[in-house]
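Encoded as structure tokens, the structure appears first; notes follow it.
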């Protein structure tokens, strides 16, 4: 199976269909054979966050001021599953706990563990966004939580647009261009805990340069649909809250990465009437605007 442009070799059958033709840039093994010495190396931990109704903890052998080759890591979803790995190595181990099963393993590994792993391995930078293609060009929808990006992504998918990512967009810089990586062919238009949603057959087949960002701004149900470009430093204000895993040690390089990205890629604000019946109009306006960009 492939996730985030990576071949995953796994010793357990996932209940979801991750078979799809898309570009790959690496390989990871997922195994239940956790080495005892790796478990024993874990000596320091903190509550990480609360997500999907679960307490999540993060562990290593030191305080979190960096990520180095050979550093042991553990990501625990309380009572469900623990993931272990060593920095710089392409093998992740799992241990199911008393409330764990293959469905929960599949969700947590795909949706939350892999983005964290790729961030710590300095392979991708992740943005909290929905992403689809318009005529083969990836565009990213950004918005605050409950701001409509999942609904917008879902509408575009149902109009035949190719899905790039449902919620977490992996990006990387190559030869001066910023690329979007397809995450997985599942989409959740309405959030529910520990569920990846429905399978999308029309899924991106390659890594492609990001074409534009569209920030969704709620407006009155009868308002005019308008698009305006966000200038200068205001682009930082729009995108910075959508950067995932902003560890303190990553902040300097991420500010540089984001500055370079925003010097190259334009950001637009879309006034979106808060009326589901007008999604078709919003879709048409964004598509027309995107095709007219130079």
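The values are calculated or read from the model by the stated rules, or taken from the named source; none is laboratory data. Only a predicted model underlies this, so the values are computations on that prediction, with no experimental measurement involved. FYI the Cβ positions are ideal-geometry reconstructions off the backbone, even for glycines, and counts take in every protein chain you see.
Quick rundown of the values:
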read-out: Members of region 245-267 found to be touching a helix residue (DSSP H, G or I) at 6+ places or on another chain (Cβ under 7 Å) and modelled with pLDDT of 90 or more, listed by number; value: 258, 262, 267
read-out: Boolean, residue 231 is on the phi < 0 side of the Ramachandran plot and exposed (fewer than 15 other Cβ atoms within 10 Å of the Cβ); value: yes
read-out: Residue among 72, 115, 138 that is within 20 Å of residue 37 (Cβ to Cβ) and crowded, with 19+ Cβ neighbours inside 10 Å; value: 72
read-out: Within region 136-184, considering residues that are without any contact (Cβ under 8 Å) to a residue 12 or more places away in the chain, part of a loop (DSSP other than H, G, I, E, B) and more than 22 Å from residue 253 (Cα to Cα), the one farthest from the chain's Cα centre (by Cα); value: 146
read-out: Residue in region 35-45 that is at pLDDT 95 or above, outside any loop (DSSP other than H, G, I, E, B) and under 30 Å from residue 198 (Cβ atoms) present; value: no
read-out: Residue list for region 263-278, restricted to those being more than 24 Å from the chain's Cα centre (by Cα) and crowded, with 18+ Cβ neighbours inside 10 Å; value: 273
read-out: The listed residue being under 27 Å from residue 125 (Cβ atoms) and in contact (Cβ under 8 Å) with a residue 40 or more places away in the chain, out of 28, 12, 8, 46; value: 28
read-out: Set 114, 105: member being touching a residue at least 60 places away in the same chain (Cβ under 8 Å), in a helix (DSSP H, G or I), under 21 Å from residue 246 (Cβ atoms) and not assigned by TED's automatic domain parsing to the domain that holds residue 197; value: 114
read-out: Qualifying residue in region 204-226 (condition: at positive phi and part of a loop (DSSP other than H, G, I, E, B)); value: no
read-out: Inter-residue pairs, beta-carbon under 8 Å, first within 18 Å of residue 135 (Cα to Cα) and in region 185-207, second modelled with pLDDT under 95 and loosely packed, with under 13 Cβ neighbours inside 10 Å, 6+ apart; value: 205/21
read-out: Selection within region 63-81 - touching a helix residue (DSSP H, G or I) at 6+ places or on another chain (Cβ under 9 Å) and at pLDDT 95 or above; value: 71, 72, 73, 74, 75, 77, 80, 81
read-out: Test set (1) modelled with pLDDT of 95 or more; (2) more than 15 Å from residue 136 (Cβ to Cβ); (3) touching a helix residue (DSSP H, G or I) at 6+ places or on another chain (Cβ under 8 Å) - residue 166 fails condition number; value: (1)
